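The values are calculated or read from the model by the stated rules, or taken from the named source; none is laboratory data. Note that the coordinates shown come from a computational prediction; the quantities given were computed from them, not determined experimentally. Cβ atoms come from the backbone with ideal geometry, glycine included; neighbour counts cover every protein chain shown.
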Amino acid sequence: MKQKLSLTIFLILVNFWVYAQTRISGSVRSTTQEALIGVTIMQKGTSNGATSDQAGNFVLDVPNSNVTLSFTYAGYATQDVALAGRTNIDVLLQENSTALTEVVVTALGIKKERKALGYSVSEVKGDELTQARETNVMNSLAGKVAGLNVIGGSGGPGSSSNLLIRGVSSIGGTVSPLYVINGIPMENPRGAQPGGQWDNAPDLGDAVGNLNPDDIETISVLKGAAASALYGYRAKAGVIMITTKSGKADGIEFNSNFVGEQIMDLTNWQYVYGQGTNNLKPTNATAAAQVGGSSWGGLLDGSMVPQFDGVERPYSAVKNNLSNFYRTGSNWTNTLTLTKAFTGGSIRLSGSNLDNKSVVPNSKIGRQTFNFAAIFDPIKNLSIDARVNYILENAKNRAMLSDGAGNANYQAMFLPTSLDINNLKPGSNPDGSELAFNSNNTFATNPWFAAEKFINDTRRERLITSFSARYELESGYFVQARGGRDNFTDNYTNVVPTGTAYRPNGSISMTNTEFVDMNADVLIGKTYSWDTDFSFSPVVGGSYRHTKTLATTNSGNDFNVPFVYNILNAANKSVNYTDSRLEVQSVYANAEFSYRDLVYLTGSVRSDWFSTLATPGFDNKLNIVYPSINTSFVFSEIWKPSFLSFGKIRAGYAEVGAATDPYQTLLTYGFLSESVNGTPLGTISNSNIPNSALLPSRASELEIGTEFSLFNNILSVDASWYNKISRDEIIPVSISQTTGYGGAVLNTGSLQNKGVEALITARIFRQPDGFSWTSAFNGAINNNKVLEMAEGTSIMPLGTSRTGYGFIQNLLDMPMLQVMAYDYRYDDNGDIVYLPSGVPERGQLIPMGSAIPKWTLGWNNELSYKRLNVSFLIDGKWGAKIYSGSDYYAYNNGLHKATLENREGNFAPAGSNTVTEASTYYSQLVQNVSKLNVQSADFIKLRQVIIGYTFPKLWNGGIKSLNISAVARNPFILMRKTDNIDPESSYSATVPGIELGGIPMTRTFGINLSAKF
């Protein structure tokens, strides 16, 4: 009875507390009547708060109408407003002359005033990622951050993305930045192809692409070594800091985004000649099947000609095979968020569902994401931050890349000009076997069969948890402890189905991967002040990391029972198991000294101890020390002309590094599937000769920059110059294959990245009538150069095209990732040398340029008039090269327009008895002179467009805010220099610059709805 009574009283009190609230509404604008979006409105002295919407309006429930509200916005002075009985208020915020004084979160979660930073930090708001969105949220950063190069693969939705900050950071090791989520480092293993000649698999995606953009508050990019030095060995490639949302006020939010997706057919093939050979049409079904993918036939004249299935069809141009094969895809994301603020804390709970239907038939991705954040102060001076993110992702039939076997993209791209792809339907015969159309090449899989019958399915279950506790002592000291765990289990199933032309009995491979990454750190510090002029803020701390990766692969060939795809049904089975573990222990210290608001000086030092350097029997050094120092001088504090709103100069120097993978210092052993008398055979697991004296690679960087705002913050500039040199690169140096190893692991090599980057923001209009226009340019120039390689070597192979005639290599004294191709052979007079057949002779393998652009530019515009908002983003890249495997096969198959020249003639020299037909000439031409397939990857794209309208409060305030936007992503290419392909194409996000067999470029159009209740 007492329990029931207590429960009843509790519910009454809760009900009274919920409903005995006073709703405060109003608007927040600048002194020029510009609506301010995202202003933080807090009930003073509590964690109860709200944010203003796109029209500058806000709604907040408070205990009574006599409290005080605090309004905070970057670049504006904080303002406290006493309600004094009012329930509706309109607030004008004054711009702060020191517009960069907001607090930002830096490395290890240390909060600093922006003006105190001696390095460059760029920030992207989460709202910029949720309207014209990408399935992999990192792709949404393209064109938005100076010095950030986003490289996406051609694997379609859910494929990997590679981010390069200030160029390629390593010759042989990782080039991916460190990702930090809510202060906890996160590994980002990628399932991208390595860029090898025999790559023939889908891109399985990465880890950061699982995140839901609706849960992201901000993304901060720590570009230089000075900014990321406190992350030590993990910071060589820069840091991407992701802060997820937390509860700020009572409310419900619903966001729905639906877009349709279409391919862009960039091919420009010849449609003069059709399927066949020797300029002749096929005369029967056998002949048609033998010429398969060849377009070296006769003139397209509309006559009836037999095809591979014996059916006669018009011998006419078929120009829409790609659009007939790829469907209109779609992506629908719905996110529901519940937030609750209470005295001493807040909670936020969100659930999201992504339903993606790829443009590739029978391919889709589903992802469910649940995010929970709780922030509360259980006792005085103690704050707790706990977060949980659960992700479940299922992908069906991920697209194959590169080689043609089982690759629907490849075959759809290169069908003969007179063969309609719809005539290859349904892809299979009545007995379930492949409906083959190319008997001369069984690896030319029917695209419908590849799409409908092949299995490339993945399933990921992931849990990311983090916990942070911070206690403020009465003496001024603070103690902060954090811990995080990232755990996911992946299951990948690949099935080559029964009846496949190149593998009639089929095969299966099932891989289970378990990944666990645990991180913990502690930080202790205090701020000392003398008078009002000097302050000193030292912190010390340490961290621990343990990472484990376990993978088991069961493979089998030849199904005993056809069409039953179970590993137990395979006649020949094998198993492979890998176990990789590493541990790192670290200590660090950071100290900031400031004089008034004028000068800031910060220094740090970190030491890391690595398990991956430990070698039994050797007393080798296990740790390395990384120092840093940076300073900021706010010159606008002493020089105050009328046109200057804010100004500072900054400089920083730091050293960071990169560790090695496990088991590189000594021989490791494993088991084979084969056994003798029941005992499994052993094997050496190392592919390279180990090195017991390995050290972490390290990089030193000097950065100088400035930030200033002019004319009452109408124009602002943030610019940096940097010079970064990496040393002691860990490289598997090529050695003789007779050793039984692919290479030897050495500390050797040096790399330089030097460049400038700038962000220029102009607030062109800020009119009292509500019209505003802000335009922002960001640009960067990066000069990259390999300074040193292993003694006696000047070449490092990285990737090879499936064609075998295009390569990606590192060369001494040249920019990294050189696209290599064969030149003409020239005589002493500089004339081209020809073979007796009339085909140019093959010359030297020469560098054609780097696969990484030297110049990048982004131009973002945001316009608004009252409740209407329009924005568009244009970005471009210049200076990169790409080897087009598509062009190679277009020449080889007679599709390329260049093959029309002398199509029916003889290429042999005059007077020669040799006859060289066009098919022979052009096929050998692109083998001997493969530089013909290297193209400039320069482009300018309209990256995104958003047109939206924000409605006022609806249904008596039941809906606080409603925004509906029309959105487009990649709608147009404004300029490109590539023929037939997207200049951003690559079947490997790891090794860019080689293209073949990927999904064509796509564009999306749709609608985004965001409502707050």
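Listed values, structure above:
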item	result
Residues within the stretch 824-854 that are surrounded by 13 or more Cβ atoms within 10 Å (Cβ to Cβ) and over 30 Å from LYS754 (Cα atoms), tallied	13
Residues of the stretch 353-395 classified as closer than 24 Å to GLY483 by Cβ and outside any loop (DSSP other than H, G, I, E, B), total	19
All positions within the stretch 253-296 that are within 24 Å of ALA501 (Cα to Cα) and charged (D, E, K, R)	none
Test: residue in the stretch 813-820 that is among the β-branched types (Val, Ile, Thr), exposed (fewer than 14 other Cβ atoms within 10 Å of the Cβ) and either in contact with a Pro (Cβ under 9 Å, 6 or more places away or on another chain) or over 30 Å from GLY876 (Cα atoms) (or both)	no
Strands (runs of 3 or more DSSP E) contained entirely in the stretch 649-735, each with at least 3 residues that are closer than 19 Å to LEU759 by Cα	697-710, 715-727
Subset of the stretch 757-805 [aromatic (Phe, Trp, Tyr), in contact with a Phe, Trp or Tyr (Cβ under 6 Å, 6 or more places away or on another chain) and within 28 Å of PRO853 (Cβ to Cβ)]	PHE777
Filter result (surrounded by fewer than 17 Cβ atoms within 10 Å (Cβ to Cβ) and assigned to a loop (DSSP other than H, G, I, E, B)) within the stretch 421-436	LYS425, PRO426, ASN429, PRO430, ASP431, GLY432
Selection count, the stretch 572-606, where residues are in contact (Cβ under 8 Å) with a residue 60 or more places away in the chain and either β-branched (Val, Ile, Thr) or over 30 Å from GLY647 (Cβ atoms) (or both)	14
Residues satisfying the stated conditions in the stretch 884-907, i.e. in a loop (DSSP other than H, G, I, E, B) and farther than 21 Å from TYR826 by Cβ	GLY894, LEU895, HIS896, GLU901, ASN902, ARG903, GLU904, GLY905, ASN906
Subset of the stretch 654-689 (residues that are of a type in the set (S, T, N, Q), modelled with pLDDT under 85 and surrounded by 15 or more Cβ atoms within 10 Å (Cβ to Cβ))	THR660
Every pair of residues 6+ apart whose Cβ atoms lie under 8 Å, when the first sits in the stretch 87-102 and is under 22 Å from ASN66 (Cβ atoms) and at pLDDT 65 or above while the second is hydrophobic (A, V, I, L, M, F, W, C) and assigned to a loop (DSSP other than H, G, I, E, B)	ILE89/LEU83
Of residues in the stretch 799-812 being of a type in the set (S, T, N, Q) and not in a loop (DSSP other than H, G, I, E, B), the one surrounded by the most Cβ atoms within 10 Å (Cβ to Cβ)	ASN810
When residues of the stretch 514-551 are limited to those that are among the polar types (S, T, N, Q) and more than 23 Å from ARG234 (Cα to Cα), the one surrounded by the fewest Cβ atoms within 10 Å (Cβ to Cβ)	THR532
The listed residue being modelled with pLDDT under 95 and not in a loop (DSSP other than H, G, I, E, B), out of LEU962, LEU942, LEU932	LEU962
Enumeration of residues in the stretch 437-474 that are part of a strand (DSSP E or B), surrounded by fewer than 20 Cβ atoms within 10 Å (Cβ to Cβ) and in contact with a Pro (Cβ under 8 Å, 6 or more places away or on another chain)	ILE455
Among (1) at positive phi; (2) in contact with a Ser or Thr (Cβ under 8 Å, 6 or more places away or on another chain); (3) modelled with pLDDT under 95; (4) of a type outside the set (Asp, Glu) - the single one GLY894 does not satisfy	(3)
Single match in VAL14, VAL59 (criterion: modelled with pLDDT of 85 or more and either not assigned by TED's automatic domain parsing to the domain that holds PRO378 or not hydrophobic (A, V, I, L, M, F, W, C) (or both))	VAL59
Single unsatisfied condition, LEU622 versus (1) exposed (fewer than 14 other Cβ atoms within 10 Å of the Cβ); (2) without any contact (Cβ under 8 Å) to a residue 24 or more places away in the chain; (3) not charged (D, E, K, R)	(1)
Residue ID - farthest from ASN64 (Cα to Cα), chosen from residues in the stretch 343-358 that are of a type in the set (A, V, I, L, M, F, W, C) and surrounded by fewer than 21 Cβ atoms within 10 Å (Cβ to Cβ)	LEU349
Flag if PHE771 is surrounded by fewer than 23 Cβ atoms within 10 Å (Cβ to Cβ), under 23 Å from ALA146 (Cα atoms) and aromatic (Phe, Trp, Tyr)	no
Residue in the stretch 635-653 that is among the aromatic types (Phe, Trp, Tyr), within 30 Å of LEU710 (Cβ to Cβ), out of contact with any strand residue (DSSP E or B) (no Cβ under 7 Å at 6 or more places or on another chain) and modelled with pLDDT of 90 or more present	yes
Residues satisfying the stated conditions in the stretch 908-923, i.e. assigned to a loop (DSSP other than H, G, I, E, B) and of a type in the set (S, T, N, Q)	SER912, ASN913, THR914, THR916
Any pair with Cβ under 6 angstrom, 6 or more apart, that starts in the stretch 962-984 at a residue that is closer than 27 Å to THR950 by Cβ and ends at one that is basic (Lys, Arg) and in a strand (DSSP E or B)	ASN970/ARG1003; PRO971/ARG1003
Filter result for the condition that a residue is at pLDDT 90 or above and not assigned by TED's automatic domain parsing to the domain that holds LEU702, over VAL150, VAL124	VAL124
Residues of the stretch 100-141 classified as assigned to a helix (DSSP H, G or I), of a type in the set (A, V, I, L, M, F, W, C) and on the phi < 0 side of the Ramachandran plot, total	6
Qualifying residues in the stretch 626-653 (those that are surrounded by fewer than 13 Cβ atoms within 10 Å (Cβ to Cβ) and free of Cβ contacts under 8 Å to residues at least 24 places away in the same chain) - the one farthest from ASN590 (Cα to Cα)	SER642
Only one of LYS640, LYS648 that is within 30 Å of VAL717 (Cβ to Cβ), touching an Asp or Glu at 6+ places or on another chain (Cβ under 7 Å), charged (D, E, K, R) and in the same structural domain as PHE711 (by TED's automatic domain parsing)	LYS648
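Residues checked against (1) assigned by TED's automatic domain parsing to the domain that holds ARG698; (2) within 38 Å of the chain's Cα centre (by Cα); (3) surrounded by 16 or more Cβ atoms within 10 Å (Cβ to Cβ):
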residue	(1), (2), (3)
TYR231	yes, yes, yes
ALA235	yes, yes, yes
ASP250	yes, yes, yes
ASN255	yes, yes, yes
TYR271	no, yes, yes
ASN278	no, no, no
PRO282	no, no, yes
ALA288	no, no, yes
